[in-house]
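The values are calculated or read from the model by the stated rules, or taken from the named source; none is laboratory data. Quantities reported herein were computed from a predicted structural model and do not represent experimental measurements. Neighbour counts run over all protein chains shown; Cβ positions are idealised from the backbone, glycine included.
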Amino acid sequence: MSGTHAPTAEPSYLVDTGTRTGVMAWLTTTDHKRIGLLYLYSMMTFFFVGVGIGVVMRLVQLTTFQKLVTAQTYNALFTVHGVIMIFLFVVPGLPAIFGNFFLPILIGAKDVSFPRLNLASWYFFIAGAILAVLSLFTGGGAPDTGWTFYAPFSLKTGTNVSLAVFAAFVLGFSSMLTGINFITTIHRLRAPGMQWFRMPLMCWALYSTAWIQLLATPIVAITLLLVILERFFGIGIFDPAKGGDPLLYQHLFWIYSHPAVYIMILPAMGAISEILPTFAKRPIFGYKAIAYSSMSIAGVGSLVWAHHMFTSGMSSVATMVFSLLTMIVAVPSAIKVFNWVSTLYKGSIDFQPPLLFALTFIFLFCIGGLTGVMQGALALNVHIHDTYFIVGHFHYVMFGGTGMALFAALLYWFPKMFGKMYSKKAIYASWFPMFIGFNMLYFGMMILGMMGMPRRYYVHLPQFHTMHVIATVGSWLLVLGLVMFFAALIYATFKGEKAEDNPWGGVTLEWTIPSPPPLENFDVIPTITRGPYHFEQEEHR
Amino acid sequence: MSGHVHRDDLGSRLGMWLFLVTEMVLFGGLFIGYSYMRYRYPAEFHHGGMELNATLGVINTLVLLTSSLTVVLSIVAVQRGEKQRAMALLGTTLGLGLTFLVIKGFEWSAKFHHGLYPNSPHLATLPPGEQVFFGLYFTMTGLHGVHVIAGLSVLGVMLWWVATDRIRQDRYIHLENSGLYWHLVDVIWIFLLPLFYLAA
């Protein structure tokens, strides 16, 4: 469809057309595309800070480097690594970047329902980020509780937990307001003829994610608020000495934080569902099954939180119920994987970098997902609880899943967002160290966990040393791959060739408009007459 | 700075309802904590409830319910183009909200006077269940009080907007949404009343 739109006089959204120019034009923008880019730049900055901390932690496990970092600093490092990667990177994740940029375009709208609220969400995000950074250097020093802030230690420690927790509270606002915005946008701003089952699957993923953001985030907000109140006023609800119960903290925390992992992964699955049809040149297999599985993951995923607490001391009935529900949530995830693979079957596959990263996602997510089901089994859970196995598992899901999908989505939509094409060779070259390093690092961690290496330990026993060395070398390869990947993209934003309007032959709405899109996306709001992935009809015309 | 002017009252209202959902879940977390603790310490919660002044609680309930009524009436007045009446009704709402806060302030200071506040030496001598009861009492009524203050601030802005004709007969969605928020503040209080004041 490239070149079918008339050459337009409308300037792209990257050109300042308002009264303000330069940085001020960006900081006061209400354009969903610019806000998407603001998120992209800020989140990637935090991501690399988090990566840096991760590398230092790996170095500590090479015992020669232990002089650099004390045990207390190590506690702060894994806490801050978790807080940054969770609250500043994967939770905002794909919705903040690609949801903002592409949701209105995919449903044929000019912007989200509440553009100013959208900008406010970004400011909440930045405010939370600044507070989180401040918490490292003020008060009693960087928090050392782990990102989970478990009571009663988080109530007693002298480090600056209150500020870090408040930062997470503010970040929760950003997440909630984005959720409200997306739900309203999808309900109200679909183009004429864009029925629910004509929406691209990314929209379904964002819709179910937004509902989790809405229904789960307030719980963590109140929980974190209670931690602050407990620290300042001693209200006693989590304090056993005053009749409170630390287990209540764990429940409240995971009532949010388990659904939060679906906030992280669902939009990633949505992006994969966009990428695969484009490069297989055929409609997605099982459109409705994927749409419904997004919603059922959102539903069932809200009922499995206590599988984080099998060793915390719950009744055996509760552990069995949560174990069963945990295994059930694997079903809709598997439905997606089978549908993706079926989409590729007999497709005319056009192998391009976004597809490579999408397939990497499927591979790594399957490992992450299946090891998750393993942990849902009660007997095994007792053995691997709080070991490196858990650390390896959730990095497979969060980084191998959400991270790789984010990279795939970035590669897929980069030409549309910036109007430039990157060097495909450079991206392929970055994939090898990234993929090999990733598996050395995190599969190494899972082996260590099975051997009995506990997580969050500053030192390790001699029998674990070899695997620690392998994992650390893997981390270097992984970072090398990441640097090559982003260097190629940053180079492309400046010196890349001009991208076509539809470089991949996609058929969803974003490929019908210029690259980069004009300020109001569409000259004329399109009228939709059929489902989103119609490749065969394209060929017949 | 999009060039087109976009107005979608239904969308605004939907957004507001979604925001109210988040507020309900926020308090929902506290209600979970309350239910669990009350299940654990039934006798202590009964005894703690006896310390609270049920008469003041009921008066405050009536004050808030009336203020919700005046908000609704002010919306009707705006719809009918009766600006003066709308402003008077909104002013009444603000007055009633402040009355609620004043009564609440008297209650809290009486509790402080009796040494019933978190971390107080007197409270530490009481059984653990009662300490949790008062911890929850101050947290939940305090958080509700913050919402009352937020609601009053918003309604204050609405009063100003009605005065300056930013809210008028053909454009009153902001006032409607503020009214919805005020009703939520009201509804939460209706749950707090039996949970604490009538717990005895």
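Listed by position, the helices (runs of 4 or more DSSP H) inside the range A:379-467 whose residues that are surrounded by fewer than 19 Cβ atoms within 10 Å (Cβ to Cβ), without any contact (Cβ under 8 Å) to a residue 40 or more places away in the chain and not aromatic (Phe, Trp, Tyr) number at least 1 are A:424-451.
Of the helices (runs of 4 or more DSSP H) that lie entirely inside the range A:10-96, those containing 2 or more residues that are within 18 Å of residue A:130 (Cβ to Cβ) and of a type in the set (Phe, Trp, Tyr) span A:32-61.
For the range A:474-488, the condition holds for no residue, the condition being that it is surrounded by fewer than 19 Cβ atoms within 10 Å (Cβ to Cβ), not in a loop (DSSP other than H, G, I, E, B) and not hydrophobic (A, V, I, L, M, F, W, C). Taken over the range B:64-107, the criterion of being without any contact (Cβ under 8 Å) to a residue 24 or more places away in the chain and not basic (Lys, Arg) is satisfied by B:69, B:73, B:76, B:77, B:82, B:84, B:88, B:89, B:95, B:102, B:105.
When the range A:306-322 is examined, which residues are found to be under 25 Å from the mean Cα position of the chain (by Cα) and either touching a residue at least 40 places away in the same chain (Cβ under 8 Å) or surrounded by fewer than 15 Cβ atoms within 10 Å (Cβ to Cβ) (or both)? Matches in the range A:306-322: A:306, A:307, A:308, A:309. Kindly check whether there is at least one residue in the range B:26-36 that is within 14 Å of chain A (Cβ to nearest Cβ), of a type in the set (A, V, I, L, M) and within 30 Å of residue A:30 (Cα to Cα). Within the range B:26-36 (the criterion being within 14 Å of chain A (Cβ to nearest Cβ), of a type in the set (A, V, I, L, M) and within 30 Å of residue A:30 (Cα to Cα)), the answer is yes, since at least one residue qualifies.
Got at least one residue in the range A:122-134 being assigned to a helix (DSSP H, G or I), within 14 Å of chain B (Cβ to nearest Cβ), modelled with pLDDT of 95 or more and over 30 Å from residue A:507 (Cβ atoms)? Checked against the condition, which is being assigned to a helix (DSSP H, G or I), within 14 Å of chain B (Cβ to nearest Cβ), modelled with pLDDT of 95 or more and over 30 Å from residue A:507 (Cβ atoms), the range A:122-134 yields at least one hit. For the range A:345-362, the set of residues classified as in contact (Cβ under 8 Å) with a residue 12 or more places away in the chain and part of a helix (DSSP H, G or I) consists of A:353, A:354, A:355, A:356, A:357, A:358, A:360, A:361, A:362, listed by residue number. All of A:142, A:164, A:151 fail the test of being more than 18 Å from residue B:22 (Cβ to Cβ) and within 14 Å of another protein chain (Cβ to nearest Cβ), apart from A:151. Among the residues of the range B:145-183, which ones are of a type in the set (A, V, I, L, M), over 15 Å from the mean Cα position of the chain (by Cα) and within 17 Å of residue B:76 (Cα to Cα)? Those that are of a type in the set (A, V, I, L, M), over 15 Å from the mean Cα position of the chain (by Cα) and within 17 Å of residue B:76 (Cα to Cα): B:158, B:159, B:162, B:163, B:167, B:173, B:175.
The single residue among B:48, B:57, B:33, B:29 that is part of a helix (DSSP H, G or I), free of Cβ contacts under 8 Å to residues at least 60 places away in the same chain and buried (at least 19 other Cβ atoms within 10 Å of the Cβ) turns out to be B:29.
On inspection, residue A:288 fails the criterion of being basic (Lys, Arg) and at the interface with chain B (Cβ under 9 Å from one of its Cβ atoms). For the range A:184-211, filtering for residues that are crowded, with 24+ Cβ neighbours inside 10 Å and assigned to a helix (DSSP H, G or I) leaves 13. Assigned to a helix (DSSP H, G or I), in contact with a helix residue (DSSP H, G or I) (Cβ under 8 Å, 6 or more places away or on another chain), of a type outside the set (Gly, Ala, Ser) and more than 9 Å from every other protein chain (Cβ to nearest Cβ) - does that describe any residue in the range B:116-137? Yes.
For the range A:169-217, the set of residues classified as closer than 22 Å to residue A:123 by Cβ, more than 13 Å from every other protein chain (Cβ to nearest Cβ) and within 16 Å of the chain's Cα centre (by Cα) consists of A:171, A:206, A:209, listed by residue number. Restricting attention to the range A:186-219, the residues that are in contact with a Gly (Cβ under 6 Å, 6 or more places away or on another chain) and among the aliphatic types (A, V, I, L, M) total 9. Annotation note: of A:158, A:139, A:146, the sole residue that is modelled with pLDDT under 95, in contact with a Leu (Cβ under 8 Å, 6 or more places away or on another chain) and assigned to a loop (DSSP other than H, G, I, E, B) is A:139.
Residues in the range A:514-536 include at least one that is modelled with pLDDT under 95, part of a loop (DSSP other than H, G, I, E, B), of a type in the set (Phe, Trp, Tyr) and closer than 20 Å to residue A:352 by Cβ.
Taking the criterion of being facing chain B (nearest Cβ under 7 Å) and either crowded, with 24+ Cβ neighbours inside 10 Å or in a helix (DSSP H, G or I) (or both), the residues of the range A:232-261 that qualify are A:233, A:235, A:236, A:237, A:242, A:244, A:248, A:252.
Report, by residue number, each residue of the range B:166-190 that is touching a residue at least 40 places away in the same chain (Cβ under 8 Å), surrounded by fewer than 20 Cβ atoms within 10 Å (Cβ to Cβ) and outside any helix (DSSP H, G or I). Scanning the range B:166-190 gives B:168, B:169. What about residue A:346, is it under 15 Å from residue A:275 (Cβ atoms) and either in contact with a Ser or Thr (Cβ under 6 Å, 6 or more places away or on another chain) or modelled with pLDDT under 95 (or both)? Taking the combined requirement at face value, the residue does not satisfy it. Yes or no: residue A:229 part of a helix (DSSP H, G or I), more than 18 Å from the chain's Cα centre (by Cα) and within 10 Å of chain B (Cβ to nearest Cβ)? When the stated conditions are applied, residue A:229 passes them.
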